[in-house]
1. Which residues among segment 186-206 fall inside the zone where the amide N is under 17 Å from a point 7 Å beyond the Cα of Lys157, along Cα→Cβ?
2. Return the inverse of the average 1/r over all pairs of distinct C-alpha atoms in segment 117-209, which is the Kirkwood hydrodynamic radius, in Å to one decimal.
3. May I ask you to compute the full-extension gain from Val147 to Thr116, defined as 0.36 nm times their residue separation minus their alpha-carbon distance, rounded to one decimal in nm?
4. At 7 Å along Cα-to-Cβ for each site, give me the label-to-label distance between Arg190 and Leu14 in nm.
5. Computed FRET efficiency, Cβ-Cβ of Glu166 and Leu199, R0 45 Å: what is it to the nearest 0.05?
6. Take each of the peptides 136-144, 188-196, average the number of other beta-carbon atoms within 10 Å over its residues, and list them starting from the highest.
7. Expected output is a single nm value to one decimal: the length gained when fully extending between Ile129 and Leu7, i.e. 0.36 nm times separation in residues minus the C-alpha distance. What is it?
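Every number in this text was worked out from the coordinates using simple rules, so none of it is lab data. Computed from a prediction, not measured in an experiment: that's the story for all the values here. Neighbour counts are summed over all protein chains in view; Cβ atoms, including those assigned to glycine, are modelled from backbone coordinates with ideal geometry.
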Amino acid sequence: MATIADLERANDELRAAVEGRIAAAEAACCEGSPLCHAIDTRVPLPDPSAVIADGDEGLDAPRCVNATDPAAMERAWASVKARYQAIQPEPEPEPEPAERRPRVFSSAGPVEAAPTPAESLLRTAIDTIRDRRGTYGPPQEHFRITVGLLNAAFADKFRRRLDAGELPFSVDDWPIVMALDKIARDMGPRPSLDTPIDLAGYAATLAECRQP
């Protein structure tokens with residue numbers, strides 16, 4: 001890929017080549033015709049053929065043209081423009097946006113590739129996180145409330161069990177954990193209408209776990 005320094009160097013070389021071609025054109029292109037070389041009408045045209053590959057004859061342009069002939073001027077400059085465009089470096093491709101999906105090519109042209117199962121799952125997760133944030137609030141706030149409730153409910157219980165050489169958690173503790181998290185969610189921006197139902201369900205599972 002050409003750098004700015006490369007382009008500046010190529011531009012300098014092209015300018016030098018053009019100046020040399022113009023000087024040669026003034027002496028030889030039309031044998032000093034007054035119509036071409038009169039001071040008021042002479043228009044020297046750059047000829048960048050020095051930087052075109054050898055054998056490329058498809059873009060020849062005159063070196064001088066009669067400035068009083070608009071049609072000749074238009075044809076000549078169109079030819080020079082075509083030569084100039086032919087020697088320009090390829091433009092650098094624009095960076096692909098991160099959200100753009102991969103593209104595949106078919107007989108009808110490029111098309112967007114279908115998302116993979118993993119991509120679909122991640123997009124669903126992102127949509128769910130955005131939805132839950134509006135319902136439960138920022139995760140830091142929601143989890144702060146939950147942890148506060150858990151510490152209040154289990155701190156002393158855990159201490160007693162550890163002193164007795166027992167494990168901190170028991171099976172019937174988990175319905176309480178779930179109920180406290182549900183309460184913390186219900187304290188968010190949009191309380192859920194199913195909170196009483198869920199709390200009743202956790203209470204029922206707690207009673208079932210505590211049955212002898």
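1. 199-206, by backbone N distance to the label point.
2. 15.1 Å
3. Separation in residues times 0.36 nm, less the Cα-Cα distance, equals 7.5 nm.
4. 5.9 nm
5. That gives a FRET efficiency of 0.95.
6. Top of the packing list down: 136-144, 188-196.
7. Gain on stretching Ile129 to Leu7: 39.0 nm.
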